[in-house]
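Let me begin by presenting the structure, written as structure tokens, before commenting on it.
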2 protein chains.
Amino acid sequence: MTKNEIKGVAGFSFAACAAGIKKSGKLDLALIVSETPARCAGVYTTNKVVAAPVVLTSPRTRKGQCQAILVNSGNANACTGEQGMKDALRCGALAAESLGIDEELVAVSSTGVIGAPLPMDCFEKNVAPLVNELAENRIDIVAEAIRTTDSFTKVSAAGGEAGGKPYTILGVAKGAGMIHPNMATMLGFVMTDAELDPAFIDAALRGAADRSFNSITVDRDTSTNDMVLLLANGKAGNPAIVAGSREAELFCERLDAVLLDLAKMIVRDGEGATKLVRIHVCGARDDAEAKQAACSVATSSLVKTAFFGEDANWGRIIAAVGYSGSEVDPNRIEIRFGDVPVVRNGVTTGGELEAKATEVLKTPEFTVTVDLNLGGGKADYYTSDLTYEYVKINADYRT
Amino acid sequence: MTKNEIKGVAGFSFAACAAGIKKSGKLDLALIVSETPARCAGVYTTNKVVAAPVVLTSPRTRKGQCQAILVNSGNANACTGEQGMKDALRCGALAAESLGIDEELVAVSSTGVIGAPLPMDCFEKNVAPLVNELAENRIDIVAEAIRTTDSFTKVSAAGGEAGGKPYTILGVAKGAGMIHPNMATMLGFVMTDAELDPAFIDAALRGAADRSFNSITVDRDTSTNDMVLLLANGKAGNPAIVAGSREAELFCERLDAVLLDLAKMIVRDGEGATKLVRIHVCGARDDAEAKQAACSVATSSLVKTAFFGEDANWGRIIAAVGYSGSEVDPNRIEIRFGDVPVVRNGVTTGGELEAKATEVLKTPEFTVTVDLNLGGGKADYYTSDLTYEYVKINADYRT
């Protein structure tokens, strides 16, 4: 089975329905349930304005156990005050009652419009029936139900083996904002049947999120609702994977791959985006400075519109590197579009190579390499182009 | 004479021509000359990639004297290596020779495409003739010649009196980028006939630039070529204005007014912009946190597209405040569009007021107030909306 054919993972079941939260009548409420309480880890928005479901779920998952995730789209339950907290609690209680499990084992998650109260009748009527529809191999229906402006669903999976037992990692995500600068919510739920040591699961998720979702967005730009959860129910029957082991390393590689795959889908689905561009900065004094410079290029509106215009405008890239705050010697900078060098020692390599670079820009996915030639630091950042369509989607979002 | 009718200032003369640097054949080379060496101060880009004219001019103006400014549009002479420095030097020498003054008294300034060598024949042929065309009251022709993507010219002036002697402050600027995040060059040249004390002129310019140009852009986003110069030739005959005096205070007020006026014109002329929005943050713990929060709101692409869509989407504003890094208590935030409160204590004031707020958004200029209710810190930031036209201008810039 290829990773695209994996639709389930042992011991997890899925359901979704159109609860009426979205005016469009599309799927908007989903449930993910593990047969038994799963070990869990979560990473959450660092925004100081935090939506009720994050306030509720974050301390629950910090206890390390989770059995069910109730997630809705169409309404973020953010900036909704005390009522929002009551509503989030009630959502969790509805799922817990219907499943016959402890409330503390339920994670709730919301995405959609900010500032409107959650339409609780939609939950009151639909959570219990949802439980009867739980089925294996239906990650697709969850992926569908968590969409807001996403133009396609996002699922990725990987398989591995630990202690002779095969396991699966299955991830689903939503997000289609310009990602940065951005408040469009990013949600990610990752399920595995591998048994993970409690001291390992948290670091594994944090590391993978850093190299994926946090390389398309940064802390200061997280929305009020961002949440990534990893649930591990141990159904694979392997001895718990412990930090520092070779098996932990392999698990992390696979988790990284699943999350990076989802993260790239989010960029590719950037609102109005027509291109996926990897900004690869190398030769920085250290990795942190490389990431800072890559971020600066990846988030420049002028660079992003030039990508849309298929214009090898390296001047905008060099300027973005210059104001990134990272150490730069302008006379050492090299820039390549794909394999085509357009800047060497800070100056153009000439019109012929620039014309070749324009050909690279015409492709839907390419890498821009910025070599600072100062040290060994490197980092990747993924970005999209800035298009008419982006403006249209975001100007019309609530109308 | 109203400030819009002031086209000159005692002891300064102006000239411009179409030197062929711009392919369009429009005005692209200008000269500003003071009869006698003027006292001067300059503020420059903080970008680490600095264009040759900035490298040349910055140390010259630091000596405190300047008599002429040679400025071209169409080519930024940035990322042009050693040749770029030679060319900038030659430009200054041409002006100095033609005027019969010391090279060190000439400031050179460029704006336009990055990475292409300066077409020196355009300068060789046109600088000397330009000297013969110098005339008073022709700030308009300079304003015209420094335009790149500017859709209108930018001139502002104010008058004052010191020691019984009337003086004039006359400013001209160019800039029409989205300003932030941005590498579009901002140039500003301010001339006054007031006599200013050498210990005062620098602080006066720095303060005024902070409250104007630096409240539409921030350090990290300066282009390779940004430059603001203040020249004071003392023709008004007043005793030198010294720091700390009442006359210094009044001079600063007027200088602020001229620079803020020019800065607002730049925002109003934001590429593709249809609205000028003042983001007023108050109630922050201090002014620096207020500015940080205002900047975060003013630069959010989602907020800016909502302005374009005339959507009172306060959720995006509250989220931008939340990720700004400034201290925020979500339950205390108040937001007003014009005079219409849409958020109180972090939650909506209801649909009726939101509808009223939408009316405010339909006007071309309005203020959004964010009151954090934490302290006495306040700051203003000016921004524009993000439109289809912005994408079009920047995608097609070089084609």
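Only one of A:Glu124, A:Glu133, A:Glu82 is free of Cβ contacts under 8 Å to residues at least 60 places away in the same chain, away from chain B (no Cβ under 14 Å), surrounded by fewer than 20 Cβ atoms within 10 Å (Cβ to Cβ) and acidic (Asp, Glu). Can you tell me which?
Working: A:Glu133 fails: free of Cβ contacts under 8 Å to residues at least 60 places away in the same chain; A:Glu82 fails: away from chain B (no Cβ under 14 Å).
Of the residues listed, the single one that is free of Cβ contacts under 8 Å to residues at least 60 places away in the same chain, away from chain B (no Cβ under 14 Å), surrounded by fewer than 20 Cβ atoms within 10 Å (Cβ to Cβ) and acidic (Asp, Glu) is A:Glu124.
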Matching residues in the stretch B:17-32 - criterion: being touching a residue at least 60 places away in the same chain (Cβ under 8 Å) and either surrounded by 24 or more Cβ atoms within 10 Å (Cβ to Cβ) or in a loop (DSSP other than H, G, I, E, B) (or both): B:Ala19, B:Gly20, B:Ile21, B:Lys22, B:Lys26, B:Leu27, B:Asp28, B:Leu29, B:Ala30, B:Leu31, B:Ile32
Of everything in the stretch A:371-399 that's acidic (Asp, Glu) and surrounded by fewer than 23 Cβ atoms within 10 Å (Cβ to Cβ), which residue is modelled with the highest pLDDT? A:Asp371
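Can you tell me how many residues in the stretch B:147-176 are closer than 22 Å to B:Ala16 by Cβ and either surrounded by 20 or more Cβ atoms within 10 Å (Cβ to Cβ) or not aromatic (Phe, Trp, Tyr) (or both)?
19
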Counting only residues that are buried (at least 24 other Cβ atoms within 10 Å of the Cβ) and more than 30 Å from A:Gly315 (Cβ to Cβ), which one in the stretch B:209-250 is farthest from the chain's Cα centre (by Cα)? B:Ile241
Considering only residues that are at the interface with chain A (Cβ under 7 Å from one of its Cβ atoms) and part of a helix (DSSP H, G or I), which ones fall in the stretch B:307-319? B:Phe308, B:Trp314, B:Gly315, B:Arg316, B:Ile318, B:Ala319
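Away from chain B (no Cβ under 14 Å) and surrounded by fewer than 24 Cβ atoms within 10 Å (Cβ to Cβ): does that describe A:Glu253?
Yes; evaluated as a whole, the condition is true for this residue.
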Considering only the stretch B:235-267, how many residues are out of contact with any strand residue (DSSP E or B) (no Cβ under 7 Å at 6 or more places or on another chain) and either in contact (Cβ under 8 Å) with a residue 60 or more places away in the chain or in a helix (DSSP H, G or I) (or both)? 8
Within the stretch A:15-43, how many residues are closer than 23 Å to A:Ala194 by Cβ and either within 14 Å of chain B (Cβ to nearest Cβ) or of a type in the set (S, T, N, Q) (or both)? 2
Within the stretch A:195-207, is there a residue that is more than 14 Å from chain B (Cβ to nearest Cβ), at pLDDT below 90 and in contact with a helix residue (DSSP H, G or I) (Cβ under 6 Å, 6 or more places away or on another chain)? no
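Residue by residue, here is whether (1) over 28 Å from the mean Cα position of the chain (by Cα); (2) assigned to a strand (DSSP E or B); (3) crowded, with 24+ Cβ neighbours inside 10 Å; (4) within 7 Å of another protein chain (Cβ to nearest Cβ) holds:
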position: A:Lys304; (1), (2), (3), (4): no, no, yes, no
position: A:Ser326; (1), (2), (3), (4): no, no, yes, no
position: A:Arg336; (1), (2), (3), (4): no, yes, no, no
position: A:Pro341; (1), (2), (3), (4): yes, yes, no, no
position: A:Glu359; (1), (2), (3), (4): yes, no, no, no
position: A:Thr369; (1), (2), (3), (4): no, yes, no, no
Per the filter on the stretch A:256-269, residues under 28 Å from A:Val343 (Cα atoms) and either at pLDDT 95 or above or buried (at least 22 other Cβ atoms within 10 Å of the Cβ) (or both) are A:Val267
Read through the list (1) under 30 Å from B:Ser245 (Cβ atoms); (2) at pLDDT below 95, then give the number of the only condition that B:Ala162 fails. (2)
If A:Cys282 satisfies all but one of (1) assigned by TED's automatic domain parsing to the domain that holds A:Glu354; (2) surrounded by 24 or more Cβ atoms within 10 Å (Cβ to Cβ), what's the number of the condition it fails? (2)
With criteria (1) free of Cβ contacts under 8 Å to residues at least 60 places away in the same chain; (2) surrounded by fewer than 23 Cβ atoms within 10 Å (Cβ to Cβ); (3) not small (Gly, Ala, Ser), B:Cys91 comes up short on (2)
Residue count, the stretch B:61-117, condition assigned to a helix (DSSP H, G or I) and not β-branched (Val, Ile, Thr), comes to 23
Going by what's in this entry, would A:Cys40 be described as of a type outside the set (Lys, Arg), in a loop (DSSP other than H, G, I, E, B) and crowded, with 18+ Cβ neighbours inside 10 Å? no
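Does the stretch A:289-309 contain at least one residue that is of a type in the set (Lys, Arg), in contact with a strand residue (DSSP E or B) (Cβ under 9 Å, 6 or more places away or on another chain) and not assigned by TED's automatic domain parsing to the domain that holds A:Gly188?
yes
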State whether one or more residues within the stretch A:335-357 are within 11 Å of B:Asn47 (Cα to Cα) and free of Cβ contacts under 8 Å to residues at least 12 places away in the same chain. no
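The values are calculated or read from the model by the stated rules, or taken from the named source; none is laboratory data. Keep in mind that what you see is a predicted model, and the values were worked out from it rather than measured. Cβ: placed from backbone, ideal geometry, glycine included. Neighbour counts: every protein chain shown.
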